[in-house]
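Rule-based calculations on the coordinates, nothing more; no lab input. In this text, all values refer to a predicted model and were calculated from it rather than measured experimentally. Here the Cβ positions follow ideal geometry from the backbone for every residue, glycine too, while neighbour counts run over all protein chains shown.
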Amino acid sequence: AFSTSCKKLSAHDPHAEESFEEFSARYEKEFDQVQDVFELQRNLNNAFAYDLVPSTSVITAALKAARRVNDYPTAVRIFEGIKAKVENQSQYDEYVKELQSIREELGVNLKENLFPENTNA
């Protein structure tokens, strides 16, 4: 007879039991090592695929990587990713507030500041 259940493969997944702190440390390191736009976008895609919102330290490392590889549009889109992942506007506002100094340092604007007429989109 065929089994109708799947074997749990998490034993083979090195990140299966990863804590939030371990996740943050891993992605900070990944973004610190980014050398091109492909690596940046791949790491962002992977980081945002988890059922959590990356920490501000991970976002800071991602923003620095985006500026290092001269990918300003992706730096702006990182905040769109945050907005999509958080539960409500106040959480997004907290991220924006926490990351304001790095945004100013790197010269990264928010989409809502660049296109104020499209804030409802």
Which of ALA49, GLN100, THR74, positive extreme of dipole for region 20-113 (C-beta unit charges)
THR74
Given charges of +1 on the Cβ of Lys and Arg and -1 on the Cβ of Asp and Glu, with all other atoms neutral, how large is the dipole of region 20-113 about its Cα centre, in debye to the nearest 20?
260 debye
Shape category assigned to region 21-118 from the gyration tensor of Cα positions, a/c cut at 1.5
oblate
